[in-house]
Structure formats: structure tokens, C-alpha cells
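**Student:** Sending over a structure as C-alpha cells; questions will come in a sec.
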Amino acid sequence: MERFNLIAIEDLPAGEPIEQALTERSKRSWNPRNYEPDGEDIPVILSSPAIPPSPAMYVECGGSGTSTPSSRYNIQISVHGSRSPSPSHKRVRRSLCPDQEHDITNRDSISSLRRPLRDSEICYLLHYGSDDDDSDDESQNDNDEIVPMIIPRAAGILMDTPDDEEIEIDTAAATKPLVTSSSPSIISAPTSPARDTGMKPSHFFEFDWGTFPDSPIPPTERRESFKEHSGPTVAVSDPYEIFRLIWDQEFMEFIVQETNRYAQQLAAEMLDGGELQASSRITEWKETNVDELLVFFGILLAMGIVIKNRVEEYWNTEQNIFSTPGFKVYMSLRRFQLLSRCLHFNNSENLRNLNLDPSQAKLFKVEPVISHLNSKFTELYIMKQNIALDESLLQWKGWLNINQFIPNKAAAVGIKTYEICESQTGYLWRFKIHAHKASPTVSEADPFTASTPALVLNLIKGLEHKGYTLWMDNFYNSPALARKLKSIGFDCVGTLRTNRKYVPTELTNLKKSQMKPGQVVGYTSGDVDCIIWRDQNRVATISTYHGNAVSTKNGVTKLILIRDYNICMGGVDKKDQMLAAFPIERKRTQIWYKKLFKRLLNVSVLNAYIIHKQTATEVLDHRGFRKNLVESLLRRHSMKMQPYVFSARVQDTIFEVSRHHPAEYPRLTSLNSTNRHRHPCKVCGKRTVTYCVGCDKPVCVFTCFVKLHN
């Protein structure tokens, strides 16, 4: 049976976590309160120091918040230790001005006290005799001695030592047996002095695993130094201005051009297929512009603030509590639905002329938006040192061959996105849509061309040699990738799958049943550390700088790696949590890439809000920021819209009340007839039941009325 170097977590060297949470987790605790008696003092007599009083005397189960005896009678302890009932006394009430002169912290003082005990005194008595035992280990008294620093074997890999500097080598650590890698071609090499360059990794895939040194290097010395000034790259705080920096005029004109082109293509396709009818919505199409599209975006964002189940409910004009009359002021329902139908981002005719792989072809219609937002997100913000790589899932229940199933996500099934986010704020810096897992074309000369390492390296492109720390889960991490990231100026921390290549064989074969809760086993190659900790389950981790130090907080001892991971890994989850409060992509649609676009629009507003928080002197909350943005979009662009869009359509909300307005011909004179007179339209020639009152000419309401008067 294999022997493992299992160590209790309490025996590991102590350290301090590097990362600090924005808000500490709150935990309910009993807050002792001081009470003053109301009336005569109640005698409390303690017999002897050897017999502490029973805590049950001072525990009341009635929940009144007072420290009166819990038994039916008020109990006194006599000199001989016997209990006897005493007459009842007045109810103890809380004192607003506690007596500081009688703050009892000594048991002898309590013995002579002639009043009911306060909660702090009860707490002292409850813990009587439970003081921490002083250790008899004489070695603990040697902390004041000066111990010469010993450079362990792992330090030589990370330190450049001048030739004229003398370094004392930890010979005990150097002679420890090395653990062979899982690779059959790797052979253990003897340990050499720290300044010997042979100690440093000569290849990405040669790992000489050994136990941790007795005198570990502090994580702050092993960690890459951060060389960036983080924060927004623009000094803009107005919500509208930040939003327009992301959705600039040039790109909005591109969307307008593609939307108008697609509307014409859609109408021609329906006409060729015989699907175009007089009542078809596309027959009402009028070319849009940037102002109308920004109003459309504002209405979409307003739907994330005012949440309803159906789109039609936003245009409810009934005089009841469910009415939202503000939406129809800026755009009619029919025009909104028509813009939603024709919204487009790429020319579909180009798809046949381009030689695209399956992944590019699936994302072709939304690729311009993805490329534009990736460029803008990286341009407008410099992230802090800690960044997280994780997946996000946009729920899509329809059939889609790029759908992914992730059971631990809220959506469970949908469109998966790989994202780089700032750990502290959740700012989305770069993302990639999972559309197709290409067949592996791994080069023997460069194994990092495999799908997962290549994905990680592509997402962090542009951040090399700046000292960033990348936090990932076990889907991405491996010893080879950690060393590759270290070589280009990154630190890498996260969980690990022990069946990865180059993980020590001892860790790969270690089972949960072979460890007791609280035990730790780990190995280091100098620049990469692999540790397994048995908590409720077997947790495998990897880090390039943490080591095996632990910290104790609130009586719980954990690896500092685990504490830092819990703080820094939630960047993507923080972003998803903030977006969940404003679900503009929740409305049903049959076209998956339009739902994806709404999600990206939502993310762009969140990124704008994060920039606003760091540049504004008067910071708005998230909801207030969105309301301010919606109001600015509608106020600045609604008055520039074309009259056709702003004038309503049917009845008094369809056309402007003027001399020229539509009306219907009267019904036929035959009895009980519901048909009306029909006359040829002056524009298209079709027979219609409507006419213009001012012109007294038959004209189709939706398609020809404006043409007749223009």
C-alpha cells in the first residue's frame, strides 16, 4: 500500500490570507447586556472556589431577555451547597446606565456580590475552569530567538542569486525524496544548490515534485508584482455618455444599415414564397435610423426595470393598476414588434461567399456585436490584479446544437460563454461564445494548441507580463498550463482535477477514504504547488505562489489558498447576480442570437455602471443608473425620430389629430350587413374600405396613407 505524507492542517505553517473580501460574512452571535436590579438585591452566595455555580440557575427559557433563574423558585446556594427556594422578587429590567464600578471579572468578587448577575458575569461563570491550557512545550518559548533564514529547495527556482552571495542550504529539505511525475519519460533528479540554474524548470513538462520545505517562502514574495494602474481609461461619469462610448455612432449606423437591408430581404423572401399578405406586418416597414434604434434600446432597458410577462402588457392602455402608459408615448407596439423582427447585425448573403468553419458560421449573424463589444470592453477599462475565468450560461430551452448543459448553473441549459471578469467588481473584460468544439489538432511541438489551453491563452491575450493573477476552476487548470502562465507573467490559482497530466502520481491515486477530515497532502516543483485538503470532501488545488500555509479565523483553520480562492473566484458569478435583477433578455423570442444580443446589451450597461462608480463624484445605485440612462436615451432621441414612427397608428393613438385623418366607408345598405363599401386605393390600386377625410380619396391606412400625403 502506498504511503502518503498526510499532515494535520493544524501542523502546517501559519500565514495570513492575501485577499480581503469587500464585505465580511455576518454571523449571529450572542451580545451580552448588562442589567440592573429593580428593587432589593437578590443574595447570591457561593460556597467554595472548588464548586462553581450551576449555569442552569441563570438560564431562562421563557425568552424574556432577562437573566433571572429558570426554575419555578428563585434559587439560592447556601454555604453548604444545598439549594433552597426563596420568595419571588420584582422583575429584573434592563438598565440604561450600567454601573461601571461593579464590572465583575473576578470570581472572588462575584462571591461577595449581593445582586443578580449580569450577562457578562454569567458568561464568565459558564466558562469557569475552561481557560486555555498553557503549552508545556519548551520549544514554544524559543520564538524570541533569532533563527538564521534557510533557503529551501523551492526558493532556488524562484530567486536569482548573485554569485558572490553566500546562501545556507536546507540540507534536510534537499535530501528529501522527490516524487516522480506521472509522465513515464521524467526521471527524478538529485537536488542541487539554490543558485544552480539547473534547479529552474528547463521545460514546461518536466516536473520534479517534492515535499514542501520546513521554512516556506511567503506568498507575497513568490507572487508576480502588479504593474498596472487599474480603473477606467476615460474620465466620464454620465450614464448616457458612458453608454454611447460603448455603442458609438459608427457602430449604430452599421446596425441601422443591416436592419434596413434585412427588412427588404425579408419582404422579398415572403413575396417570392407567396407568404406576403396585405395584413403582414412587414408591409408597414419604413426605414429606421440611429435615433429610433436608440429609443428602441431604451425601451428594452426599461423592460428590465418594469418587469412583465408579455411584451403586449407594456402597451396596456386600460385604466387599471396594470397600465403602463409611458411605453406607447415613445413607440407603438406594432412598430416595436416590427423593429424586433427586422433587427439584424450582418448581411446574410455574405454567408454563402465566405469560407467559414462551423463555429464561425453559427455565430456569423451576431459576430459583429461580439467583436465590437470585446474591443470596447478592453479599451475602456484596466482590471485590477485578480481576474477570474469562468463560464456563464444564457438560458435557451429551444433546440440549438450549441446548447450546453451545466447543472450547477441557474439556467442549467443554454448558450455557454467563457468570460474574463474582474474578481472584485464583476466587470466583463473579454468573452467568447461556445459555438463548436473543433476536432483536436494538437501540435506535438506545442501542446498548448489544444482546445482548453488555447482558449485560456486567447482570452488573456494582451495582459502578459503585467502581474495578473488568474483564478480558474478545475475545468481549465493543469500543472503544465500553470507553468506556461507563470512564464508569461501570470499567477494561476484554482481547483484541480487530479487525473490531469503531470500531476504527482501520489495525488492521483489518493482516495477520499484514505484521508481524515482536516488532513492535507501536497507537493511542489518550486514554481507550481499541488495540494489536496480533506474537508467534507476531497479538494484538490493548484497555485503558483501560495504554498501550504494556513490561517485560523473564527476558530476554523483553512489553507490561505482556499480562503483567497473563495474571495476571488466569484467574478463571473457576481456579474450574473447583478444582471439577474434586470432581465431584459427574459422576454420570449424564437431567434436565439437576438436573445444573445439582449444579454450583451444588458452586460454593456453593467460595465458602464462599474465605470460610473469609479469616476462619478455622486454615485448612483444600479437601479438609479439604469433609470437615468433610459430617461436620457428617450429624451435625447425621441424628438429626432421620423414623424411616421412617432405619430400613432390606429384610432386616436395612430395618427395625429388633424384635417387629414383616416376613416372607414359606411356599411352597405342591405339589412344586417357587416360589409363596407370598397374603392380602389389612389396609391396602390387595391380595393380598400378606408379613405382620407381631408382629401376624400380612398387610401390604404397602413401602407399608402403617408405616401399619399408626402
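**Student:** So which residues in the range 305-337 are part of a helix (DSSP H, G or I) and either touching a Pro at 6+ places or on another chain (Cβ under 6 Å) or of a type in the set (V, I, T) (or both)?
**Tutor:** Looking only at the range 305-337, we keep the residues that are part of a helix (DSSP H, G or I), and these are 305, 311-315, 326-330, 333-337.
If the condition is that a residue be part of a helix (DSSP H, G or I) and either touching a Pro at 6+ places or on another chain (Cβ under 6 Å) or of a type in the set (V, I, T) (or both), then I305, V311, V329 are the ones that fit.
**Student:** Next question. Please specify each residue of the range 346-363 satisfying the condition of being surrounded by fewer than 19 Cβ atoms within 10 Å (Cβ to Cβ) and either within 20 Å of the chain's Cα centre (by Cα) or in a helix (DSSP H, G or I) (or both).
**Tutor:** Within the range 346-363, S348, E349, N350, L351, P358, S359, Q360, A361 meet the criteria.
**Student:** Is it fair to say K286 is surrounded by 21 or more Cβ atoms within 10 Å (Cβ to Cβ) and at pLDDT below 95?
**Tutor:** Details: surrounded by 21 or more Cβ atoms within 10 Å (Cβ to Cβ): no; at pLDDT below 95: yes.
No: the conditions fail for K286.
**Student:** Hey, another quick one. Quick test for you: out of E241, E250, pick the one residue that is in a helix (DSSP H, G or I), without any contact (Cβ under 8 Å) to a residue 24 or more places away in the chain and surrounded by fewer than 13 Cβ atoms within 10 Å (Cβ to Cβ). Working first, answer last.
**Tutor:** Numbers: E241 fails: surrounded by fewer than 13 Cβ atoms within 10 Å (Cβ to Cβ).
Selected residue: E250, the only one of E241, E250 that is in a helix (DSSP H, G or I), without any contact (Cβ under 8 Å) to a residue 24 or more places away in the chain and surrounded by fewer than 13 Cβ atoms within 10 Å (Cβ to Cβ).
**Student:** Of all residues being more than 19 Å from C492 (Cα to Cα) and hydroxyl-bearing (S, T, Y) in the range 544-561, which is surrounded by the fewest Cβ atoms within 10 Å (Cβ to Cβ)? Just the residue, please.
**Tutor:** This residue is T552.
**Student:** Something else: Report yes if some residue within the range 562-579 is among the small types (G, A, S) and open to solvent by 10 Å² or more (accessible area, probe 1.4 Å); otherwise report no. If you could, list the steps in order and put the result at the bottom.
**Tutor:** Just the residues of the range 562-579 that are among the small types (G, A, S), to begin with: 570-571.
Next, only the ones that are open to solvent by 10 Å² or more (accessible area, probe 1.4 Å) stay: 570.
Yes, the conditions are met somewhere in the range 562-579.
**Student:** How many residues does the range 576-614 contain that are more than 20 Å from H372 (Cα to Cα), under 15 Å from the mean Cα position of the chain (by Cα) and assigned to a helix (DSSP H, G or I)? Write out each step before concluding.
**Tutor:** Initial filter on the range 576-614 (more than 20 Å from H372 (Cα to Cα)): 576-584, 586-591, 612-614.
Still in the running and under 15 Å from the mean Cα position of the chain (by Cα): 576-582.
Still in the running and assigned to a helix (DSSP H, G or I): 576-580.
Counting residues in the range 576-614 that are more than 20 Å from H372 (Cα to Cα), under 15 Å from the mean Cα position of the chain (by Cα) and assigned to a helix (DSSP H, G or I) gives 5.
**Student:** Another question about this same structure. Among the residues in the range 386-396, are any open to solvent by less than 60 Å² (accessible area, probe 1.4 Å), among the acidic types (D, E) and either assigned to a strand (DSSP E or B) or under 23 Å from Y262 (Cβ atoms) (or both)?
**Tutor:** The answer is yes, given that some residue of the range 386-396 is open to solvent by less than 60 Å² (accessible area, probe 1.4 Å), among the acidic types (D, E) and either assigned to a strand (DSSP E or B) or under 23 Å from Y262 (Cβ atoms) (or both).
**Student:** Among what's in the range 418-435 and is touching a Leu at 6+ places or on another chain (Cβ under 7 Å) and assigned to a strand (DSSP E or B), pick the residue that is surrounded by the fewest Cβ atoms within 10 Å (Cβ to Cβ).
**Tutor:** Result: K432.
The values are calculated or read from the model by the stated rules, or taken from the named source; none is laboratory data. No experiment lies behind these values; they were computed from the predicted model shown. Counting neighbours? That spans all protein chains shown, and the Cβs are built from the backbone with ideal geometry, glycine included. For accessibility, only protein heavy atoms count, side chains too; no ligands or nucleic acids. Shrake-Rupley method; radii C 1.70, N 1.55, O 1.52, S 1.80 Å.
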